[in-house]
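> Quick one: the structure is below, and I'll ask about it shortly.
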Amino acid sequence: MNHSKSAELGGIACILGATACFSLIDTVAQFVILTVPAIMALWVRYVVQAVATTAVLVPLHGLDLFRTGKPLMQLLRGIMVIISTTLAFYSLKVVQVGEFTAILMVTPMLVTFLAVTILGERIHPRQWLFVIGGFVGMVMIVRPGMSGTDTGDGMGTGMGWTALLPISCLLTSSIFQLLSSHLGRTEKPATTHFYSSWIGLVCASVIVPTHWTGIETVSLWGLMGVMGIFGAIGHFVLSTAYQRAPASSLMPYLYAQVGFAVLGGYLVFDHVPDLMASTGIVIITLSGIANTWYAIRKNRKNRPATI
């Protein structure tokens, strides 16, 4: 499929818009869960997202939206998405949004590692350098085993045991990315997104009664609704991006989410990552872009010629 220059630029604009939406969700979530139970905020987000997603996708796809050849795989992916999102919300209670996002950006490199160790795929030795680079960057942010205080020299002392939350989120995110890749071969993206939204809502609805609390502040309800709306918008814009431009043009721009998240953390919480964390963020971003570029380049070489 040929993509014109204007369509490709439109795709890049959409991918940047999607990353901005996702960063906004995380920043708002970090603010909301200071006073609202994380599970309750998560439930409200999924209610709004599921309803908005259904309202948009059903008129576009009709009954085809519900057809899937892999219902169990869709169920498993939906469960992994809600687990990952729950861990993300709890992570944001103890980890700043910029550092959290950077840790999640290790996901493509961890997926590469899992594809080799679990699926038996082969990668070029150079890609191992990018994978190692991503993990080095994450360690520089996390600094496991060290207390979460600031030494005053710009280096900080790490996250301590709180690092287990974003790392667990990273692992579950990587698993659902592998499932997404598998489903993407035969399933429509709209169908997968629809089922994930509703499976997430059902799972959250089972848990939320034990976490429910009265909220009298209208602005908090509004902010939770914003998370759901921008969740639906972000995924819709992300799908649009891949319709307008090839993955090779779009993938590196996904790392703009780190920049948006750091900006959100600064504007809302007046937080700037310390020197060690900033260095780790840069290493993760560069390693991720390089790993993505090399993987796409390799796929192009291995693609059979067509006539």
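> What is the residue count in the stretch 142-167 for residues that are farther than 20 Å from PHE113 by Cα and either assigned to a loop (DSSP other than H, G, I, E, B) or modelled with pLDDT of 85 or more (or both)?
18
> Among the residues of the stretch 1-44, what is the count of those that are part of a loop (DSSP other than H, G, I, E, B) and touching a Phe, Trp or Tyr at 6+ places or on another chain (Cβ under 8 Å)? If you could, list the steps in order and put the result at the bottom.
To start, the set of residues in the stretch 1-44 that are part of a loop (DSSP other than H, G, I, E, B) comprises 1-4, 33-37.
If we keep only those that are touching a Phe, Trp or Tyr at 6+ places or on another chain (Cβ under 8 Å) too, we end up with 33, 37.
Residues flagged as part of a loop (DSSP other than H, G, I, E, B) and touching a Phe, Trp or Tyr at 6+ places or on another chain (Cβ under 8 Å) within the stretch 1-44 amount to 2.
> Of everything in the stretch 260-291, what is closer than 28 Å to ARG126 by Cα, surrounded by fewer than 18 Cβ atoms within 10 Å (Cβ to Cβ) and modelled with pLDDT of 90 or more? Give them in sequence order.
Correct list: THR279, VAL282.
> Continuing with the same structure: ALA18 versus (1) surrounded by fewer than 22 Cβ atoms within 10 Å (Cβ to Cβ); (2) modelled with pLDDT under 90: which is the lone unmet condition?
Status for ALA18: all satisfied but (1).
> While we're on this one: If you take the residues of the stretch 53-78 that are β-branched (Val, Ile, Thr) and crowded, with 18+ Cβ neighbours inside 10 Å, which of them is farthest from ASP26 (Cα to Cα)? Outline the logic, then answer.
So the first thing to find is which residues in the stretch 53-78 are β-branched (Val, Ile, Thr), and the list is 53-54, 56, 58, 68.
Now drop any that are not crowded, with 18+ Cβ neighbours inside 10 Å, which leaves 53, 68.
Numbers: THR53: 19, THR68: 30 Å.
Within the stretch 53-78, the match that is farthest from ASP26 (Cα to Cα) is THR68.
> Related question: Could you look through the stretch 197-218, keep only residues that are in a helix (DSSP H, G or I), of a type in the set (Gly, Ala, Ser) and farther than 30 Å from ALA13 by Cβ, and pick out the one that is nearest to the chain's Cα centre (by Cα)? Walk me through how you get there before you give the answer.
Start the filter on the stretch 197-218 by keeping residues that are in a helix (DSSP H, G or I), which leaves 197-211, 218.
Still in the running and of a type in the set (Gly, Ala, Ser): 197, 200, 204-205.
Those still in the list that are farther than 30 Å from ALA13 by Cβ too: 204-205.
Numbers: ALA204: 18, SER205: 22 Å.
Looking at the filtered set, the residue picked out is ALA204.
> What number of residues within the stretch 218-242 are without any contact (Cβ under 8 Å) to a residue 24 or more places away in the chain and under 19 Å from PHE89 (Cβ atoms)?
Here is the first cut: in the stretch 218-242, the residues without any contact (Cβ under 8 Å) to a residue 24 or more places away in the chain are 218-219, 222.
Remaining after also requiring under 19 Å from PHE89 (Cβ atoms): 219, 222.
Within the stretch 218-242, residues that are without any contact (Cβ under 8 Å) to a residue 24 or more places away in the chain and under 19 Å from PHE89 (Cβ atoms) number 2.
> Within the stretch 97-119, take every residue that is assigned to a loop (DSSP other than H, G, I, E, B) and surrounded by 22 or more Cβ atoms within 10 Å (Cβ to Cβ) and give me the one that is nearest to the chain's Cα centre (by Cα). Show your work before the answer.
To start, the set of residues in the stretch 97-119 that are assigned to a loop (DSSP other than H, G, I, E, B) comprises 105-106, 118-119.
Retained after the next criterion (residues that are surrounded by 22 or more Cβ atoms within 10 Å (Cβ to Cβ)): 105-106.
Working: MET105: 8, VAL106: 10 Å.
The residue in question is MET105.
> Quick one: in the stretch 21-38, of everything that is crowded, with 19+ Cβ neighbours inside 10 Å and β-branched (Val, Ile, Thr), which residue is nearest to VAL97 (Cα to Cα)? Spell out how you get there, then give the answer.
Residues of the stretch 21-38 crowded, with 19+ Cβ neighbours inside 10 Å: 21-30, 32-33, 36, 38.
Those still in the list that are β-branched (Val, Ile, Thr) too: 25, 27-28, 32-33, 36.
On the way: ILE25: 10, THR27: 6, VAL28: 10, VAL32: 13, ILE33: 13, VAL36: 17 Å.
Once the filter is applied, the top-ranked residue is THR27.
The values are calculated or read from the model by the stated rules, or taken from the named source; none is laboratory data. Note that this is a predicted model, so its numbers are computed, not measured. We place every Cβ from the backbone using ideal geometry, glycine too, and count neighbours over all the protein chains shown.
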